[in-house]
Each structure stands twice: as structure tokens, then as C-alpha cells.
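Notes follow the structure.
The values are calculated or read from the model by the stated rules, or taken from the named source; none is laboratory data. Quick caveat, the model's predicted, so the values are computed rather than measured. Glycine also receives a Cβ, built like all others from the backbone with ideal geometry; neighbour counts cover every protein chain displayed.
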Amino acid sequence: MRKAALLALVLLVAASLVVLSVGTSHAITSKKCWLCHTMHNSQDNASMMLQYRDSTAGTGGDVPQGALIRFVGCAGCHIAGTAGSDTVVDDTPIVYHVGGYPVANVLAGGDFYYANQTPAKGHNSKGVAPLEAMAPPGFTAATRPAAYGGSGAWGPATWASQSASTQLSCAGEYGCHGDRSTGRDDFGGVRGAHHANGTLTTAQVCDGTTVAKSYRFLGGIKGVEQDNGIMDSWERQVDASKHNGYYGIKRGSDTDTTATISFLCAECHGNFHSAAGIGTTSPWIRHPTDIAFSSAVGAEFQSSNPSRYATYDPIVPVGWTPTEIASGTPTNGMPADPVVLCLSCHRAHGTPYNDLVRWEYAEGGDQPATHSCRTCHVGK
């Protein structure tokens with residue numbers, strides 16, 4: 001009996017080492033299990049549930065959660081209870097600081113703080129923001145990403161309004177992350193991904209073939225995740241040579257249309273991003289996305305702001321095309337042919353500004369060099 005148990009232990013350790021050797025520091029397999037899980041939700045006859053990742057305020061109650069998680073849903077694990085606290089805790093990205101927006105070191109996706117204060121400033125994801133009855137603006141049913149078969153339901157077919165059962169969530173059918181197949185909830189949407197993303201290449205190239213291999217667990221989305229050690233990822237320390245690599249396409253020439261970061265946004269806001277929805281250069285009827293600057297003849301960015309081709313500005317990110325993403329080198333400079341993205345103007349979780357925009361619309365007497373719409377539209 002002892003020999004059998006010892007053999008099982010050896011095989012388990014060996015399997016863990018294989019996973020760790022293939023991946024990078026992002027693999028959660030190297031963490032202490034108890035940081036996230038509880039076997040029985042009991043220690044000295046008290047609940048093991050935590051309210052926030054940094055454990056600054058109370059507990060999360062005594063109701064056991066799916067996957068034996070110690071936090072209430074996905075959100076609980078990625079919340080910090082203090083203002084100005086670090087944006088990475090226990091090797092975990094914090095996307096909601098209850099005490100205030102971390103302006104100085106906000107991560108790439110922004111922060112849900114203002115979403116809980118003013119609905120217009122962030123996504124109203126379940127667990128971090130109040131319920132909003134309206135449907136996502138510009139909603140159309142999503143196309144299933146090519147990596148997941150290219151056909152069939154992907155997210156809700158209709159979404160006339162949000163309710164307790166259909167509120168935007170972190171993952172699953174009504175969420176952004178993970179597998180969005182019908183009936184998937186937060187846990188079902190990202191099941192297994194945290195433990196399997198060690199299978200990314202050492203360059204952190206995400207090919208979208210599985211949730212674990214998708215950019216930030218966004219099912220089917222490609223990209224290159226910043227890889228500067230686990231405590232310096234998610235653009236925690238961001239500059240021109242150290243940032244994420246977002247995947248974009250030259251609309252009309254590239255065919256991998258369901259793998260871009262803008263397609264992820266279009267899964268809920270499709271009317272704003274479809275070819276029919278944005279029009280063409282004569283005229284654009286909505287701001288273009290997944291459009292390479294070279295494809296827009298006479299574009300303001302191209303003609304009046306050539307210096308932006310020389311240095312990448314992570315506050316106004318642009319996208320890389322399929323070949324550049326596959327090479328694993330997008331974080332090393334400016335793309336050869338920059339692509340306009342939804343994220344060029346917005347952050348995914350929330351900002352201090354309306355519509356999740358990266359800057360204030362009206363900047364008064366600010367000069368064009370200040371981050372604003374004029375960062376690209378210098379001529380205005």
C-alpha cells in the first residue's frame with residue numbers, strides 16, 4: 001500500500017514538473033494550492049472564505065464556491081480592499097480596488113472601481129458593479145471564433161436587457177473570458193485554464209486554440225502577453241518596450257477575423273465593429289477598428305503624426321498583424337503597420353472617464369502632445 005502511494009506521489013510530482021518546464025512564470029501550477037482553494041471550507045470550525053485577495057476586510061461568508069475556490073466568484077479573487085495597494089497580489093492581477101482607482105499603476109485593463117461608482121465608467125460585471133437593466137450597447141449575437149469551430153452559439157443569442165440571471169459576468173455565456181458556450185457560468189467558462197496556461201510558448205504567444213492558450217483567457221483570441229516575470233506582468237510596469245501585444249488585422253485582406261482583440265469587444269458590441277457598422281474611408285460612420293493605418297489612405301495619424309511610428313505608446317496601444325503576433329516579438333517596439341483597436345481608446349474594465357475611455361474627451365487648453373483624441377488626430 002505504501003509503495004503504491006509513493007509511486008502515485010512520484011508520478012504527480014513528475015507531471016507537475018513537466019507542466020512547469022514547458023511554460024513560463026504565468027503557470028499557476030507553481031503556486032500554493034491553499035491560496036485559491038479550500039477542501040472543506042473549514043479551519044478551526046470557521047469559514048475559509050475570503051472577501052478580497054489582499055484579505056484586508058472581513059470574510060466572504062460561509063457559502064462554498066464552485067471549484068473549491070476561497071473567494072466569491074472570479075471577482076473575489078481579483079479584488080483588493082485598500083486604495084493604492086499594489087496591482088499584483090499573490091501573483092494575481094487585481095482588477096478592482098475597493099478603496100480607489102490606482103491611477104499610478106493601473107493594469108492594462110483598467111480597474112472596476114469607477115464601474116461601481118458611475119455605471120458609464122466601467123463594465124457592470126457581476127460581483128463588482130450594480131446590475132444595469134439595459135442590454136450591452138450595439139449588441140448583436142456573436143460569431144463563434146474559428147478556433148472553436150466557427151459556427152454555433154457563442155454567448156447569448158438575444159440580450160434585450162440584463163437581469164439577475166443575465167447580468168454581465170467575468171466569464172462564460174454572459175461574460176468576456178473563457179468559453180462562452182450556452183449555459184457556461186464563470187467557473188465553467190474558464191475551467192482548467194488557470195492550471196493549463198503553462199503550455200504557452202516561452203514568448204507568451206497565445207494562439208487561441210484553447211481557453212488556456214487564448215490571450216488573457218479570452219476564448220479564441222490571439223495575442224502576446226507581457227512576460228517580464230509574474231510580478232511585472234499585465235503592464236504593471238509599462239513602457240515603450242514592455243507591454244502587451246494586441247492582435248489586429250488589416251480588414252479586407254487578413255482572414256483571421258475572429259481572433260482579434262477588437263473581435264472580443266464585438267462579441268457584445270457588434271454593431272459598432274462590423275464592416276457594415278463602421279463603413280469605409282468614404283465615409284466612416286463609426287470609428288474604425290481592425291484597420292491598418294496603411295489601409296486608410298490619407299489618414300490623419302499617418303499624414304500628420306509620423307513620429308508615432310517610431311515609438312510605441314502603451315497609453316494609446318495599437319495592434320499587430322498575424323505574422324507579427326506569431327513571431328512573439330510585438331512587445332519590442334512599434335508594429336510595421338499599426339492597427340487601430342477598440343483598446344486604442346478604451347480600457348476593458350473601467351477608467352475614471354465616461355465610456356471607459358482612456359482620457360477625458362475635453363482637455364481644455366492641453367497641447368496636442370497630451371493623451372487625448374488628438375494623440376492620433378493631431379490635425380484637429
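Computed values, structure above
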{"item": "Exclusive hit being buried (at least 17 other Cβ atoms within 10 Å of the Cβ), modelled with pLDDT under 95 and assigned to a loop (DSSP other than H, G, I, E, B), set Ala164, Ala212", "result": "Ala212"}
{"item": "Residue count, the stretch 93-108 (criterion: in contact with a Leu (Cβ under 8 Å, 6 or more places away or on another chain) and not in a loop (DSSP other than H, G, I, E, B))", "result": "1"}
{"item": "Conditions (1) crowded, with 18+ Cβ neighbours inside 10 Å; (2) in contact with a strand residue (DSSP E or B) (Cβ under 9 Å, 6 or more places away or on another chain); (3) assigned to a loop (DSSP other than H, G, I, E, B); number of the one not met by Ala142", "result": "(2)"}
{"item": "Within the stretch 54-90, tally of residues that are at pLDDT 85 or above and in contact with a helix residue (DSSP H, G or I) (Cβ under 6 Å, 6 or more places away or on another chain)", "result": "7"}
{"item": "Test: Val106 is modelled with pLDDT of 85 or more, more than 19 Å from Asp186 (Cβ to Cβ), surrounded by 20 or more Cβ atoms within 10 Å (Cβ to Cβ) and among the hydrophobic types (A, V, I, L, M, F, W, C)", "result": "yes"}
{"item": "Filtered residues of the stretch 130-143 (kept if under 24 Å from Phe187 (Cβ atoms) and free of Cβ contacts under 8 Å to residues at least 60 places away in the same chain)", "result": "Pro130, Leu131, Glu132"}
{"item": "Residue among Leu68, Leu50, Leu131 that is more than 19 Å from the chain's Cα centre (by Cα) and more than 25 Å from Glu173 (Cα to Cα)", "result": "Leu50"}
{"item": "Single match in Ala115, Ala120 (criterion: crowded, with 20+ Cβ neighbours inside 10 Å, in contact with a helix residue (DSSP H, G or I) (Cβ under 8 Å, 6 or more places away or on another chain) and aliphatic (A, V, I, L, M))", "result": "Ala115"}
{"item": "Output for the stretch 236-253, where each listed residue is buried (at least 17 other Cβ atoms within 10 Å of the Cβ) and in contact with a Gly (Cβ under 9 Å, 6 or more places away or on another chain)", "result": "Asn244, Gly245, Tyr246, Tyr247, Gly248, Ile249"}
{"item": "Lone qualifier among Thr289, Thr311, Thr331 - being surrounded by fewer than 18 Cβ atoms within 10 Å (Cβ to Cβ) and either part of a loop (DSSP other than H, G, I, E, B) or at pLDDT below 85 (or both)", "result": "Thr311"}
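Quick grid of which residues meet (1) of a type in the set (D, E, K, R); (2) on the phi > 0 side of the Ramachandran plot; (3) out of contact with any Leu (no Cβ under 6 Å at 6 or more places or on another chain); (4) at pLDDT 95 or above:
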{"residue": "Phe187", "(1), (2), (3), (4)": "no, no, yes, no"}
{"residue": "Ala193", "(1), (2), (3), (4)": "no, no, yes, no"}
{"residue": "Ala196", "(1), (2), (3), (4)": "no, no, yes, no"}
{"residue": "Val205", "(1), (2), (3), (4)": "no, no, yes, no"}
{"residue": "Phe217", "(1), (2), (3), (4)": "no, yes, yes, yes"}
{"residue": "Val224", "(1), (2), (3), (4)": "no, no, yes, no"}
{"residue": "Gly229", "(1), (2), (3), (4)": "no, yes, yes, no"}
{"residue": "Gln237", "(1), (2), (3), (4)": "no, no, yes, no"}
{"residue": "Asn244", "(1), (2), (3), (4)": "no, no, yes, no"}
